[in-house]
Structure formats: structure tokens, C-alpha cells
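Written below as C-alpha cells is the structure these notes are about.
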Amino acid sequence: MKPGERGGPGALKRTPGGGGPRVVQPRKRATLGRLNRIAGQVRGVAGMIAGGRYCVDVITQIAAIQSALDAVSMQLLKDHTQGCVQSAIKSGRGRAAIEELMQVVRRFARQRRSSQ
């Protein structure tokens, strides 16, 4: 599948008038809902800090936010692998797609190690 063609989940398509490739997100509504809930948690933590809440309670909420973001990241990574990477492999562009995927996985793993 070439950029600009429609396909399965995560297929690339070009935006009108140029710009980078756009991706069809198979779980767009659910992902946005999760991100909105996370944004609400972040606002709640800001309120906790403004209100002088106990540090351990704030840290516990931050850990929950990080866990929720990790879950969103993993879902996006799964969708990307099953959509974009799979399409790239089928169209002969697998090597580049797999290298890009591995860079993302390394970045994600590095972030997780540094936060522990």
C-alpha cells in the first residue's frame, strides 16, 4: 500500500495540500476518551498541589497517570504494528517500517527505565 491509499487500521493517507502522512486511528474515539480522562487526572493533581495535599498522595496520583499513559502508548504501538507496519511489510517497505518501530520501542523502554 502506498501513502495516500486507504487500507486497514493505521493505513497512511496524505493530507490535502501536502503536509506529513496522516494515520487512520482504528480506536480514535476510545483513545481520545482515555486521554481526556488522563488530562482530568493531571488537572486534579495540579489542584492537589495547589491545595497543599500530602506528597505521597500526589505521587500516587502521578504514578496512576503514568500507568494510564503507558496503556495508551501500548495500544497505539499495537495499532501501529498491526496497521502501518503490516501494510509496509506487505508493500515491500518492511525494513524501514520495522526499523522505525524498533526506534519507538527503544525510546519507550528507555523512558520507562529512567522513570524507575
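The residues in the range 22-55 that are in contact (Cβ under 8 Å) with a residue 12 or more places away in the chain and either within 20 Å of ASP70 (Cα to Cα) or among the β-branched types (Val, Ile, Thr) (or both) can be counted, and the count is 14.
Taking helices (runs of 4 or more DSSP H) that do not extend beyond the range 41-116, which have at least 2 residues that are among the β-branched types (Val, Ile, Thr)? Because the criterion is at least 2 residues that are among the β-branched types (Val, Ile, Thr), the helices (runs of 4 or more DSSP H) in the range 41-116 that meet it are 55-80, 94-114. Return yes or no: is LEU101 under 20 Å from LEU35 (Cβ atoms), of a type in the set (A, V, I, L, M) and surrounded by 15 or more Cβ atoms within 10 Å (Cβ to Cβ)? Here the answer is no, as LEU101 does not meet what is asked. Of all positions in the range 24-34, none carries a residue that is at pLDDT 95 or above, within 23 Å of ARG113 (Cα to Cα), under 22 Å from the mean Cα position of the chain (by Cα) and of a type in the set (Val, Ile, Thr). Give the residue that is nearest to ARG37 (Cα to Cα), with candidates limited to residues of the range 56-84 that are free of Cβ contacts under 8 Å to residues at least 12 places away in the same chain and of a type in the set (D, E, K, R). Applying the filter and picking the extreme gives ASP57. List the residue pairs whose Cβ atoms are under 8 Å apart, where the first residue sits in the range 103-116 and is without any contact (Cβ under 8 Å) to a residue 60 or more places away in the chain, the second is in a helix (DSSP H, G or I), and the two are 6 or more positions apart or on different chains. Filtered contacts from the range 103-116: VAL104/LEU77; VAL104/HIS80; VAL105/LEU77; PHE108/SER73; PHE108/LEU77; ARG112/ASP70; SER115/GLN66.
The values are calculated or read from the model by the stated rules, or taken from the named source; none is laboratory data. A quick note: this is a predicted structure, and the numbers were derived from the prediction, not measured. We place every Cβ from the backbone using ideal geometry, glycine too, and count neighbours over all the protein chains shown.
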